Amino acid sequence: MPVLLPPERAPTLHELLAAANTAGLDTEIVGTPQAGPVHIRGLGSLSGAGPTEISFLANPRLHEQLGTCRAAAVIMAADAYRELSATGRTPAYRVVLCSQPYLMYALLAQWFDRHRLAGLPAGIHPSAVIDPTARLGREVSVGPHCVIEAGACIGDGSRLGPACIIGAGSVLGKDCLLHARVTLYHGVTVGDRAILHSGVVLGADGFGFAPDPRLSSGAWAKIAQIGGVRAGDDVEIGANTTVDRGAIEDTVIGDGVKLDNQIMVAHNVTIGEHTAMAACVGIAGSTQIGRRCTIGGASMISGHLVLGDDIHVSGGTAITSNISRPGRYTGVYPYDSHAQWQRNAAVVSQLAQLRKRVRALERPESDTSE
Amino acid sequence: MPVLLPPERAPTLHELLAAANTAGLDTEIVGTPQAGPVHIRGLGSLSGAGPTEISFLANPRLHEQLGTCRAAAVIMAADAYRELSATGRTPAYRVVLCSQPYLMYALLAQWFDRHRLAGLPAGIHPSAVIDPTARLGREVSVGPHCVIEAGACIGDGSRLGPACIIGAGSVLGKDCLLHARVTLYHGVTVGDRAILHSGVVLGADGFGFAPDPRLSSGAWAKIAQIGGVRAGDDVEIGANTTVDRGAIEDTVIGDGVKLDNQIMVAHNVTIGEHTAMAACVGIAGSTQIGRRCTIGGASMISGHLVLGDDIHVSGGTAITSNISRPGRYTGVYPYDSHAQWQRNAAVVSQLAQLRKRVRALERPESDTSE
Amino acid sequence: MPVLLPPERAPTLHELLAAANTAGLDTEIVGTPQAGPVHIRGLGSLSGAGPTEISFLANPRLHEQLGTCRAAAVIMAADAYRELSATGRTPAYRVVLCSQPYLMYALLAQWFDRHRLAGLPAGIHPSAVIDPTARLGREVSVGPHCVIEAGACIGDGSRLGPACIIGAGSVLGKDCLLHARVTLYHGVTVGDRAILHSGVVLGADGFGFAPDPRLSSGAWAKIAQIGGVRAGDDVEIGANTTVDRGAIEDTVIGDGVKLDNQIMVAHNVTIGEHTAMAACVGIAGSTQIGRRCTIGGASMISGHLVLGDDIHVSGGTAITSNISRPGRYTGVYPYDSHAQWQRNAAVVSQLAQLRKRVRALERPESDTSE
């Protein structure tokens, strides 16, 4: 459950809206509930928020929950408020009108989470092992059991949770947040404001081998991976995701890219700005992915491909060729009851033959092969 | 290879059956091998067990291995023993009759493994970093390089392997076993008797972003994930599996749930009691999975779905819609030789057209589109 | 970007070719560029290499880049050199003729990477926790925050990066390289010259449970996994890959096997010599995979199967039955625009019926079911 701020540190609704990063967003507080300023201790869902929390309506299907919501305040768009008012019932909560309630919710959640972060221990924990040649900026926090190797560089205001490892010569930008147990190999560069989750590994060797006929039959010679990884600003990378270093040149993650958990980015892949990928995606080596793409969970993208900007791949899809035209692409085998699947799958393995039979029916005079 | 107990600590067959958690199971020792009690130093397969080990027959296809098994004792069901006896050959090993030989084997394996666990170092290792506000129960073991943050709580008898991290305010129940390098973020709750394997990450941020038109084209605003993770009793979670924290409310893992390795459970998923999932499964956000389900390896389940109780999903299947009826569901593309696959796959991309052609053949008078 | 050696430590071209492991490979330096020996500070691509780096041509499609390459030297095969010479332009770089330019590149990259490795800190870091009963060979390096448990054994010349954990009784061969944060459970054996990447977990419990009717409905009894993991010589295992321990007998990884990132190898799998698997592959329990196989990324292989030698599985394929004949096997659903996919996928779920309709057209006199 979300933690509630202690009452003495809870902002009023006005203070909260002013403190959150809402510049440029329209907000108006309406409704006439009980007198006196209300203090907001946390943020909850329409059904879960208690009388000291703020909630929001972003999904129209939840509109009916407005009637029973116990929150202190609810963010909603003007039309939702009109619909609510039309019922004639006056809600007990304040209403915050905003044309983008979902974004407003995101900003308030950020504010509450920053409050939690501010309570974390700061400074360099004595159990951290930091090479004397490493350079740490101002207000850098380094958690217990971290290791920062020779020549590494950590930007101002960055925070490393417990047991993070920054390899030799790697560079981390300003105001980054590394949760516990993030691993950067040597020669990895990450921009400002990155958020890296536990188990992330940046810069492991790409998978490169060459047959070596001087060795026993079938044996492989390793192709040492001497490139690096270069990630831009405002990147977020989810738990246990791995981005391999390039073979010779770098693997590149563009500004604003968001990668979910357990994603695999192979060597020399490039990912364009603001592309977002859901969990369990695998991208094979040297593939280039454009800007503002979204890649659904558990998709795989073959190697040496080029995907343009604004490509949207459905979850579970295997992309095996270049795509230049923006749009949505899908390739998922439809599931069914097992018995029904068995019946249909048997035909999948005979489709070419089935088409031939249809052609023979269409041209009964000449039974030519297709 | 399984480690053998030293002879002086090996129990007799009777002692072993009494010590293992076999109450309620029928067992009877039959056969008349050489005189004197036999000491059981370990547990092996029918083909691998040596003369100081116990083995079992659970798979009827292995029945013929009974003839050459060198074990000191073999667990089997009565009918298997009858079949063996009918051959007229008297085995040199003791026979333990049990109507559930596979469960009996499971319990004996547990006993041998507990013996190994009992030999592990106990107590708090001096290199562990434990916040003074953390609360540790009685007989808690904390391995080297662990980190236990402020307000965390570890129940009686729980054991943490090396380099585990328990985030601020997280709660671990009694008699849990955390292998090396388990990470709990803040605000994570785990019940009693959990077994968590290396690389597990509970409570990383769910993948939530909102478009922010105030930023550059396509940029995303982070939705801070302020919910938690709540796991029940008797949960086991495999190596490198990740369970993300909820956006606002918790992600929930029910009592007795068993998750294999490299599974991804997204934010606000709920998994019902005793559901088991094989490795590499991905479950997208807010999906609800019922009780006693089994999910085959490498399956993916889309977000915002509801799967009822007793649903069984075959490995490699993509579930993309709600399922309420118990049963087995499958959706795997049948593999073939590459050449044959190419021929058939070409038709997959023209199936709608093929069906149209069939319809035209069926209704030659009117070639209407389908 | 690849790091360049400082000029004073850069070898001449002759020294480099002599120092790299090129015995048995034909090499000849041709071309007549500016006088004096050239010192090679690094290795770059044809388009990226600067005037103190060596490059190579292995992909014929890059031949035209030879004209603009700024490298100090370029490795190429004789026919590529002939084609280049035929243009009449004399390149400014030295040409290293070699019949296997890709292998030669691999060997030079290894040389440069060994140079980097030689600069890493050696010895036993004081923060490492090493059980007094563990045995370390000569010239073993152990990084900060490593844990080596009772009875573990590390071979001569092996290097452990930061935060590696070697479980009780586990054995690591000679000249192994463990990057940061590798976890070996107890009872794991790894041969010589292994390379294990960050987040690798060897020896977590296999996924084994038996129904226990004495417990509440649907509850599972754990089958303790008392086998181990045995990996051969010259194995490389990628980041966050997991290999589970066997239930009773060992999980086995053959000599020269190369596993990419985020692969899941379940209990009692055996993988034959020199088999290579790309990332995100999942192999279910007890499956046997032969020698010299290649398994494409994101493939899954069901349990209890036998795949012979020299089997090649395309990426994204689900193998669900035994394969004995060498060759390439594929089973990927073809992707399409979402709208087109929807139209075709609807027919996939009716294929058995469609085949029946075709049969009815073929035999109009008798509309028998198929």
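The values are calculated or read from the model by the stated rules, or taken from the named source; none is laboratory data. Model, not experiment: these values are computed from the prediction. When we count neighbours, we look across all protein chains shown, and the Cβ atoms used for this are built from the backbone with ideal geometry, even at glycine. Calculation scope for accessible area: heavy atoms of the full protein, side chains included, ligands and nucleic acids excluded. Shrake-Rupley method; radii C 1.70, N 1.55, O 1.52, S 1.80 Å.
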message: For the range B:1-139, what does the convex hull of the Cα positions come to per residue, in cubic angstrom?
response: 148 Å³
- prompt: What FRET efficiency comes out for the pair A:PHE209/A:ASP175, r = Cβ-Cβ distance, R0 = 45 Å, nearest 0.05?
  reply: 0.70
task: Could you tell me what percent of the DSSP beta bridges with both partners in the protein assembly as shown are antiparallel, to the nearest 5?
output: 10 percent
task: Between copies, how far apart are the C:GLN340 label points? List them in nm, one decimal, shortest first, with each point 7 Å from Cα toward Cβ, please?
output: 2.7, 2.7
task: Pull up all non-local amide H partners of A:LEU136: gap of 5 or more, or a different chain, and H-to-H distance under 5 Å with H placed in the peptide plane.
output: A:ILE154
Cα-based convex hull volume of the range A:278-370 per residue, rounded to whole Å³: 146 Å³
task: Leaving out ligands and nucleic acids, note down the accessible area per residue over the range C:266-370 with a 1.4 angstrom probe, in whole Å².
output: 41 Å²
- prompt: So between B:ARG114 and B:HIS304, what do we pick up on full extension, going 0.36 nm a residue minus the alpha carbon distance?
  reply: 64.4 nm
field: Computed label-point distance, nm, for sites A:HIS338 and A:SER321 using a 7 Å Cα→Cβ extension
entry: 3.6 nm
task: Excluding residues on the same chain fewer than 8 positions from B:LYS222, give the lysines whose Cα lies under 18 Å from its Cα.
output: A:LYS174, A:LYS258
message: Within 11 Å, Cβ to Cβ, of C:VAL201, how many net charges do the neighbouring residues add up to if Lys/Arg are +1 and Asp/Glu are -1?
response: +1
message: Just to verify a number: FRET efficiency for A:GLN65 and A:GLU139, C-beta to C-beta distance, R0 = 51 Å, to 0.05?
response: 0.75
- prompt: For the range B:186-245, what is the largest minus smallest coordinate of the Cα atoms on each principal axis, given in angstrom and ordered from greatest to least?
  reply: 48, 20, 13
- line: Given backbone amide H placed at 1.01 Å from N, residues whose amide H is under 5 Å from that of C:VAL313, ignoring those fewer than 5 places away on the same chain, are C:THR294, C:ILE295, C:GLY296, C:TYR329
Overall form of the range C:321-370 per C-alpha gyration tensor (a/c, 1.5; a/b vs b/c): oblate
Percent of alpha-carbon pairs separated by more than 24 Å within the range B:93-219: 42 percent
query: A:ARG82 accessible area, nearest 10 Å², 1.4 Å probe?
result: 150 Å²
statement: Here, B:GLN353 and A:ALA23, labelled 7 Å along Cα→Cβ, have an inter-label distance in nm of 5.6 nm
- line: Scoring only Lys, Arg, Asp and Glu (+1, +1, -1, -1) among other residues with Cβ under 15 Å from the Cβ of A:THR183 yields +1
field: Relative contact order computed over the range A:287-336 (Cα-Cα under 8 Å; 6+ residues apart), in percent
entry: 34 percent
- line: Here the range B:160-171 yields Karplus 3J(HN,Hα) values (6.51, -1.76, 1.60; θ = phi - 60°; whole Hz; Gly and Pro given as x) of 10, x, x, 6, 7, 10, 10, x, 4, x, 6, 10
- prompt: Karplus couplings for the range A:203-217 from phi (6.51 cos²θ - 1.76 cosθ + 1.60, θ = phi - 60°), rounded to Hz, Gly and Pro as x?
  reply: x, 5, 4, x, 8, x, 9, 10, x, 10, x, 6, 8, 5, 3
- request: Any chance you could run the full-extension gain for C:SER217 through C:GLU362? It's 0.36 nm times the residue separation minus the Cα-Cα distance, nm to one decimal.
  value: 47.0 nm
- prompt: To the nearest µm²/s, what D does Stokes-Einstein give for the range A:300-343 at 37 °C and 0.692 mPa s, using the Kirkwood radius over alpha carbon pairs as Rh?
  reply: 273 µm²/s
task: Report the net charge of residues surrounding A:HIS125, where surrounding means a beta-carbon distance below 13 angstrom and charges are Lys +1, Arg +1, Asp -1, Glu -1.
output: -1
query: Taking the radius of gyration and the Kirkwood hydrodynamic radius from Cα positions alone, what is the Rg/Rh ratio for the range C:55-104, to two decimal places?
result: 0.90
- line: For the range B:226-326, percent of DSSP beta bridges that are antiparallel (nearest 5) comes out at 0 percent
field: Number of partner chain Cβ atoms within 10 Å, mean per residue of A:8-21
entry: 0
query: For chain A, what is the per residue volume of the convex hull drawn over the alpha-carbon atoms, in cubic angstrom?
result: 238 Å³
- request: Output ³J(HN,Hα) for the range A:43-49: one whole-Hz value per residue in order, computed from phi by the Karplus curve 6.51 cos²θ - 1.76 cosθ + 1.60 with θ = phi - 60°, and x for Gly and Pro.
  value: 10, x, 6, 4, 8, x, 5
- prompt: Please state the Cα pair-distance histogram of the range B:166-318 with 5 angstrom bins from zero: what percent is in each bin?
  reply: 2, 11, 19, 24, 19, 12, 7, 4, 2, 1, 0
message: Counting heavy atoms of the protein chains only and a 1.4 Å probe, report the per residue accessible area for the range A:84-123 as a whole number of Å².
response: 45 Å²
Those lysines that a straight Cα-Cα span of less than 23 Å connects to B:LYS356, excepting residues fewer than 8 apart in one chain: A:LYS356, C:LYS356
statement: Amide H proximity to A:THR270 below 5 Å, modelled H, separation 5+ or other chain, gives A:VAL252, A:THR287, A:GLN288, A:ILE289
- line: antiparallel share of DSSP beta bridges within chain C, to nearest 5, in %, is 10 percent
- request: Would you tell me the accessible area of C:LYS174, worked out with a 1.4 angstrom probe on the heavy atoms of the protein chains, in Å² to the nearest 10?
  value: 100 Å²
- prompt: How big is the accessible area of B:MET76 in square angstrom, nearest 10, if you roll a 1.4 angstrom probe over the protein chains?
  reply: 0 Å²
Interface A:B - total buried accessible surface [probe 1.4 Å, Å², rounded to 100]: 5800 Å²
- prompt: Across 10 Å bins from 0, what is the distribution of all Cα-Cα pair distances for the range A:144-189, in whole percents?
  reply: 34, 63, 4
query: Dimensions of the protein assembly as shown along principal axes (Cα, Å, largest first)?
result: 91, 87, 86
message: For B:ASN21, place a label point 7 Å from Cα along the Cα-to-Cβ direction in every copy; what are the distances to the other copies, in nm, shortest first?
response: 4.9, 4.9
task: Give the carbon-plus-sulfur fraction of the accessible surface of the protein assembly as shown in %, rounded to a whole number; probe 1.4 Å, heavy atoms of protein chains only.
output: 53 percent
- request: Kindly give the distances from B:THR294 to its copy-mates, label point to label point, with each label point 7 Å from Cα along Cα→Cβ, as nm values to one decimal ordered shortest first.
  value: 3.6, 3.6
